[in-house]
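The values are calculated or read from the model by the stated rules, or taken from the named source; none is laboratory data. Only a predicted model underlies this, so the values are computations on that prediction, with no experimental measurement involved. Positions of Cβ are generated from backbone atoms using ideal geometry, with glycine treated the same way; all protein chains shown enter the neighbour counts. What goes into the accessible areas is simple: the full protein's heavy atoms, side chains included, and nothing from ligands, DNA or RNA. Shrake-Rupley method; radii C 1.70, N 1.55, O 1.52, S 1.80 Å.
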Amino acid sequence: MEISLRNQVAVVTGASSGIGSGIAKSLADAGAIVIVNHSSERSTDEAKAVLKEITDAGGKGITYQCDVSKEDQVIKMFQDTVSQFGTVDILINNAGIQKDAKFTEMTIDQWNAVIGVNLTGQFLCAREAIKEFLRRGIDTSRSIACGKIIHISSVHEIIPWAGHANYASSKGAVRMLMQTLAQEYGANKIRVNSICPGAIQTPINKDAWSTPEALNSLLNLIPYNRIGQPKDIGNLAAFIASDLADYITGTSIFVDGGMTTFESFSTGG
Ligand code: BGC
């Protein structure tokens, strides 16, 4: 059994670091042409480094700067991708940020920034992707589905998270966005799913793993007793995007070492 994404074009948002970079590499490994999206000038070098790893390993792709919370930029990214590569087959809606604050001290800017990238960004990219899927229609030389969207959500789409009301709210909403799109476009053979990562070792949660004390306390939340790696998410993303997963749509799959079993209950309750 082989996971193949040959001949398919994948847009991976927020792919210059963290989970997005892991997914970009896994999809390229499976044969997809990958658009390594990054949000700003500042992340250009990181995006180029991810692309270099991909091309050094024999894969194909480009880097593309676009802030997913900006409608005009998202529309242009999809237009440019279609004019360069013909179409888009896979969208990985990954770009995400945290702006943490105690709720009563959370500013409107912190709230809007997180909702803007984590939710509005996923809406804008999904809308442009679905328009392109429908324009192209099914082409079985590429995939038996008309298109695939994978939202990168979080365990915090179901675990409330004190001090992170903006982030948890954005992820809870992503679940409804995903399920609604799966329902609305199922008849068009567009598959829409979410991956919900737990603690993955990336820059977004550096404070939770960069000292031995922090890592120890993090591991108390993870029955499997290790922090996750971007590859753990990339492996699943490649599978869900492939035709092997053709009957999977409208669902959230948790990749969290058991975090959602609420390990703190293992000794009481
Ligand atoms: C957050 C991380 C956190 C993890 C588990 C993720 O969605 O971005 O900061 O470590 O959830 O709590």
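Values as computed for the structure displayed
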| quantity | calculated |
| --- | --- |
| One residue from Leu51, Leu124 being of a type outside the set (Phe, Trp, Tyr), surrounded by 14 or more Cβ atoms within 10 Å (Cβ to Cβ) and touching a strand residue (DSSP E or B) at 6+ places or on another chain (Cβ under 7 Å) | Leu51 |
| Listing of strands (runs of 3 or more DSSP E) fully contained in the range 1-113 that carry 2 or more residues being touching a residue at least 60 places away in the same chain (Cβ under 8 Å) and not basic (Lys, Arg) | 9-12, 90-93 |
| Test set (1) open to solvent by 60 Å² or more (accessible area, probe 1.4 Å); (2) farther than 24 Å from Met178 by Cα; (3) not in a loop (DSSP other than H, G, I, E, B) - Asn235 fails condition number | (2) |
| Subset of the range 201-231 that is in contact with a helix residue (DSSP H, G or I) (Cβ under 8 Å, 6 or more places away or on another chain), part of a helix (DSSP H, G or I) and away from the ligand (no atom under 12 Å from the Cβ) - its residue that is farthest from Asn93 (Cα to Cα) | Lys231 |
| Criterion: surrounded by fewer than 23 Cβ atoms within 10 Å (Cβ to Cβ), more than 30 Å from Asp207 (Cα to Cα) and at pLDDT 95 or above - qualifying residue of Gln110, Gln179, Gln98 | Gln179 |
| In the range 179-200, residue nearest to Gly147 (Cα to Cα) [restricted to those that are within 16 Å of the ligand (Cβ to nearest atom) and in contact with a Leu (Cβ under 7 Å, 6 or more places away or on another chain)] | Ile195 |
| Filter result (surrounded by fewer than 19 Cβ atoms within 10 Å (Cβ to Cβ) and either of a type outside the set (Val, Ile, Thr) or modelled with pLDDT under 95 (or both)) within the range 253-269 | Gly258, Phe262, Glu263, Ser264, Phe265, Ser266, Thr267, Gly268, Gly269 |
| Residues that are within 13 Å of the ligand (Cβ to nearest atom), open to solvent by 50 Å² or more (accessible area, probe 1.4 Å) and touching a residue at least 40 places away in the same chain (Cβ under 8 Å), drawn from the range 142-161 | Ile158 |
| One residue from Gly250, Gly269, Gly257 being over 20 Å from Lys148 (Cβ atoms), under 20 Å from the mean Cα position of the chain (by Cα) and in a loop (DSSP other than H, G, I, E, B) | Gly257 |
